[in-house]
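Beneath this line is the structure, given in structure tokens, with notes to follow.
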Amino acid sequence: MLDLLLAIPALAGAVTAVMGARALRRLGRTAPSAGPALPASILKPLHGAEPGLRENLLSTLDQSHAAPFEVLFAIPGDADGAGPVAEAAMADRPDVPARLVVDPRIHGPNRKVSQLVNLAERAEHPVLVVADADMRVPPHWLTAVTAPLADPTVGLVTCLYQGEPAEPGLWSRLGALGIDWQFLPNAALGEAMGRADGCYGATMALRAETLERIGGFRALAGLLADDHALGAAVRRLGLRVVVAPVLPLHVQAEASLPALFGHELRWARTLRLLDPRGYWGMGLTYPLVPGLLAALLAPRGLVVLGVALAARLGLALTADGVLGRPWRMGRLALLPLRDVISFAIWGVGLARGTVTWQGQRYRMDREGRMAEARVGD
């Protein structure tokens with residue numbers, strides 16, 4: 001009977017995959033927001049000369065935006081390898097107002113938020129747009145994420161994103177596939193059902209006066225999930241958080257399986273902390289694993305495995321179609337490996353433990369506050 005018990009999560013996961021594919025198709029039909037271009041300051045904290053960084057920064061500078069805007073890059077010290085990359089990018093685009101801010105002040109264990117505190121003090125425009133260093137954005141991105149803020153009921157604008165490997169290596173490709181085939185459909189489904197309450201840290205745009213009302217970025221400097229906390233604080237003001245109809249690239253650079261595992265385990269443990277019940281439900285989004293186990297236990301399990309595989313392939317093809325990616329057998333052949341790795345990360349994430357971020361290990365309490373991990377943690 002064990003194979004029949006395994007069929008339950010496998011078939012439930014297949015249904016979830018079909019629902020995710022429908023949500024993705026709906027996402028692909030979303031029209032751009034109508035609204036005036038707003039003056040904005042783009043805040044981009046940097047850490048190290050990551051692969052693809054130059055192209056990421058140039059895409060931020062190459063915005064087609066009808067209103068004035070500036071780009072503020074931040075590094076914690078002159079020795080940071082991202083500094084020369086940012087200076088070279090700004091030299092390539094001399095007509096774009098941009099500055100490199102070197103400020104070593106630390107306001108809490110979240111080093112990214114510390115840089116945002118330092119950048120916000122120097123911003124000149126009334127709208128602030130936070131963008132991670134590993135995001136590569138299209139030319140209309142700034143307009144798409146700021147236009148909804150012309151509506152006074154909107155307090156924050158965020159956006160989903162797609163994956164892009166920084167190099168052709170296997171682990172970077174698998175990291176990008178995890179975004180395209182796992183994160184994106186799950187997030188799109190959650191948004192379509194009105195249950196996501198999302199605020200995706202890769203892009204966050206809000207008015208400076210809204211940020212001031214919630215205590216500024218300093219209020220988030222001790223939290224790992226600063227994006228979620230920012231969205232929740234804006235909602236408590238009675239303002240809406242909306243998702244802009246633009247999908248920038250999240251550039252993945254994973255040198256090895258341990259690097260990929262550690263990176264995604266940080267995401268997994270953060271999600272478990274924020275929504276424990278929802279995190280348990282995520283286990284249903286990997287139907288190939290119970291389907292494969294059912295097939296190994298009994299011949300009738302092959303039917304379950306076939307259904308799970310068909311649903312996951314359908315979701316992958318739908319995602320690639322929405323994203324405009326060409327059909328490639330080599331890409332689809334990575335689906336079983338990607339799902340097995342994702343399931344393993346999900347399983348490890350069920351246990352409490354430390355996370356690694358920017359080379360430093362942290363432990364978290366139940367409220368998401370960070371503290372540097374001690375030896376033995």
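The values are calculated or read from the model by the stated rules, or taken from the named source; none is laboratory data. Model, not experiment: these values are computed from the prediction. A quick note on method: Cβ atoms are made from the backbone with ideal geometry, for glycine too, and the neighbour counts reach across all protein chains shown. For the accessible areas, the whole protein counts, side chains as well, though only heavy atoms, and no ligand, DNA or RNA atoms are used. Shrake-Rupley method; radii C 1.70, N 1.55, O 1.52, S 1.80 Å.
Quick look at the values:
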item	result
Test for residue 303: is it of a type in the set (A, V, I, L, M, F, W, C), open to solvent by 30 Å² or more (accessible area, probe 1.4 Å) and more than 15 Å from the chain's Cα centre (by Cα)	yes
Single residue of 330, 281, 324 found to be out of contact with any Gly (no Cβ under 9 Å at 6 or more places or on another chain) and either of a type in the set (Ser, Thr, Tyr) or open to solvent by 50 Å² or more (accessible area, probe 1.4 Å) (or both)	324
Whichever residue in region 157-211 is within 12 Å of the chain's Cα centre (by Cα) and hydroxyl-bearing (Ser, Thr, Tyr) and, among such residues, is farthest from residue 133 (Cα to Cα)	158
Residue match in region 88-106 (condition: in a loop (DSSP other than H, G, I, E, B), touching a residue at least 60 places away in the same chain (Cβ under 8 Å), of a type outside the set (Gly, Ala, Ser) and open to solvent by 20 Å² or more (accessible area, probe 1.4 Å))	no
Any chance residue 118 is assigned to a helix (DSSP H, G or I) and either within 13 Å of residue 134 (Cα to Cα) or open to solvent by 70 Å² or more (accessible area, probe 1.4 Å) (or both)	no
Test: residue 226 is surrounded by 21 or more Cβ atoms within 10 Å (Cβ to Cβ) and closer than 27 Å to residue 142 by Cα	yes
Helices (runs of 4 or more DSSP H) wholly inside region 260-335 containing at least 2 residues that are within 27 Å of residue 225 (Cβ to Cβ), of a type outside the set (Lys, Arg) and in contact (Cβ under 8 Å) with a residue 24 or more places away in the chain	276-282, 301-322
Identity of the residue in region 182-223, surrounded by fewer than 23 Cβ atoms within 10 Å (Cβ to Cβ) and among the aromatic types (Phe, Trp, Tyr), that ends up nearest to residue 148 (Cα to Cα)	200
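Let's see how each residue does on (1) open to solvent by 60 Å² or more (accessible area, probe 1.4 Å); (2) assigned to a helix (DSSP H, G or I); (3) closer than 25 Å to residue 126 by Cβ:
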| residue | (1), (2), (3) |
| --- | --- |
| 23 | no, yes, no |
| 36 | yes, no, yes |
| 42 | no, no, yes |
| 49 | yes, no, no |
| 67 | no, no, yes |
| 79 | yes, no, no |
